[in-house]
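Colleague: A single structure is presented below for examination.
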Amino acid sequence: MFFYDLTLDSAAENLALDEALVEVAEAAAEPHETLRLWESRAPLVVVGRSSRVHAEVNVAVCRERGVPILRRPSGGAAVVAGPGCLMYAVVLDCRLRPELRSIENAHRFVLETNLRAVRSLGIDAARKGTSDLAIDDRKFSGNSLRCRRNSLLYHGTLLFQFDLPLVGELLKMPDRQPAYRAGRTHDEFVANLSVIGDDLRAALARAWSANLPAPVWPRERVSELVRSRYSRDAWNLQH
């Protein structure tokens, strides 16, 4: 598996790169699997493909603080990212792993791999709900996926030194909640992993056997996606 530890300059470029990497894999004649890690230098809100922005996000607070709101190509609800939140994306080949054409199998495979990484650092974590990872019923990782014909993009968050109050300040309480949340506020529900970022990165790379030097990232396609989608309110703030 190829490995990128790569944070680009803008939030739009970082979201565009995730999408560009799955496009590269989809066009490849042979399996082209990739793990990418990145960490935004400033807070941002990322909503799901079908999210209703004003229902999930405190838009006025984001605008007052200059926090961008962007839309990813995968499902799920809004998340807050920034320093201390490690973002990961794994691109998997469904020709190599046909069982991943089942969404439940895809959730299981990726989350169990990430759990191995976290547990290797001495943390007793567990899968909760459909696609969360948690410690003592407090969520530190939210995840989503997008399926293509031959490839799968699975990406999400891993909180380790994040400013947790930001979540409650920038997001509204979600309409749909996993049962284990039990109606708790954001402050009561989310938690940081007690790890160093470099250790978390290394553990994920080991768990995924991501040890191949990555090709040059698709700069032109990222620029195209930023221009046509991730820099445009028509994409980010729709619904």
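The values are calculated or read from the model by the stated rules, or taken from the named source; none is laboratory data. Predicted model only: the values in this text are computed from it and were never measured. All Cβ positions, glycine included, derive from the backbone under ideal geometry; neighbour counts span all protein chains shown.
Colleague: Can you tell which of 183, 168 is out of contact with any Gly (no Cβ under 7 Å at 6 or more places or on another chain), crowded, with 17+ Cβ neighbours inside 10 Å and not in a strand (DSSP E or B)?
Modeller: Exactly one residue qualifies, and that residue is 168.
Colleague: Okay, moving on. Looking for whichever is hydrophobic (A, V, I, L, M, F, W, C) and in contact with a Leu (Cβ under 7 Å, 6 or more places away or on another chain) here; the options are 225, 193, 166. Which one fits?
Modeller: 193
Colleague: Might you let me know whether segment 222-237 holds any residue that is more than 24 Å from residue 62 (Cβ to Cβ) and either touching a helix residue (DSSP H, G or I) at 6+ places or on another chain (Cβ under 9 Å) or basic (Lys, Arg) (or both)?
Modeller: Within segment 222-237, one or more residues are more than 24 Å from residue 62 (Cβ to Cβ) and either touching a helix residue (DSSP H, G or I) at 6+ places or on another chain (Cβ under 9 Å) or basic (Lys, Arg) (or both).
Colleague: When only residues in segment 131-155 that are out of contact with any Asp or Glu (no Cβ under 9 Å at 6 or more places or on another chain) and in a strand (DSSP E or B) count, which is surrounded by the fewest Cβ atoms within 10 Å (Cβ to Cβ)?
Modeller: It comes out as 147.
Colleague: Among the listed residues 116, 108, 101, which satisfies the condition of being in contact (Cβ under 8 Å) with a residue 60 or more places away in the chain and surrounded by fewer than 17 Cβ atoms within 10 Å (Cβ to Cβ)?
Modeller: 116
Colleague: While we're on this one: Give the residue, chosen from 206, 201, 221, that is surrounded by 12 or more Cβ atoms within 10 Å (Cβ to Cβ), more than 19 Å from the chain's Cα centre (by Cα) and either modelled with pLDDT of 95 or more or among the small types (Gly, Ala, Ser) (or both).
Modeller: Exactly one residue qualifies, and that residue is 221.
Colleague: Just a yes or no: is a residue in segment 173-196 touching a residue at least 60 places away in the same chain (Cβ under 8 Å) and within 23 Å of residue 10 (Cα to Cα)? Can you show your working first?
Modeller: Initial filter on segment 173-196 (touching a residue at least 60 places away in the same chain (Cβ under 8 Å)): 174-176, 192-195.
Then keep just the ones that are within 23 Å of residue 10 (Cα to Cα); that gives none.
Checked against the condition, which is being touching a residue at least 60 places away in the same chain (Cβ under 8 Å) and within 23 Å of residue 10 (Cα to Cα), segment 173-196 yields no hits at all.
Colleague: If residue 84 satisfies all but one of (1) at negative phi; (2) surrounded by fewer than 20 Cβ atoms within 10 Å (Cβ to Cβ); (3) more than 12 Å from the chain's Cα centre (by Cα); (4) not acidic (Asp, Glu), what's the number of the condition it fails?
Modeller: Condition not satisfied by residue 84: (1).
Colleague: Only one residue in 209, 151, 144 is closer than 27 Å to residue 93 by Cα and in contact with a Gly (Cβ under 7 Å, 6 or more places away or on another chain), so which one is that?
Modeller: Values: 209 fails: in contact with a Gly (Cβ under 7 Å, 6 or more places away or on another chain); 151 fails: in contact with a Gly (Cβ under 7 Å, 6 or more places away or on another chain).
Among 209, 151, 144, only 144 is closer than 27 Å to residue 93 by Cα and in contact with a Gly (Cβ under 7 Å, 6 or more places away or on another chain).
Colleague: Could you go through segment 13-30 and let me know if any residue there is touching a residue at least 60 places away in the same chain (Cβ under 8 Å), in contact with a helix residue (DSSP H, G or I) (Cβ under 6 Å, 6 or more places away or on another chain) and in a strand (DSSP E or B).
Modeller: no
Colleague: Let me ask another. Do any residues in segment 225-238 that are under 18 Å from residue 54 (Cα atoms) and assigned to a loop (DSSP other than H, G, I, E, B) have Cβ atoms under 8 Å from those of residues that are modelled with pLDDT of 95 or more and among the basic types (Lys, Arg), where the two are at least six apart or on different chains, and which pairs are they?
Modeller: 237/71; 238/71
Colleague: Which residue pairs have Cβ atoms closer than 7 Å, lie 6 or more positions apart in sequence or on different chains, and pair a first residue in segment 128-147 that is within 15 Å of residue 177 (Cα to Cα) with a second residue that is of a type in the set (Ser, Thr, Tyr) and surrounded by fewer than 20 Cβ atoms within 10 Å (Cβ to Cβ)?
Modeller: Going by the 7 Å Cβ cut-off, the qualifying pairs are 128/180; 129/180; 137/180.
Colleague: Looking at residue 17 and the list (1) loosely packed, with under 15 Cβ neighbours inside 10 Å; (2) under 16 Å from the mean Cα position of the chain (by Cα); (3) within 20 Å of residue 235 (Cβ to Cβ), which single condition is not satisfied?
Modeller: (1)
Colleague: With within 16 Å of the chain's Cα centre (by Cα) and of a type in the set (A, V, I, L, M, F, W, C) as the only criterion, which of 153, 171, 164 stands out?
Modeller: So the residue among 153, 171, 164 that is within 16 Å of the chain's Cα centre (by Cα) and of a type in the set (A, V, I, L, M, F, W, C) is 153.
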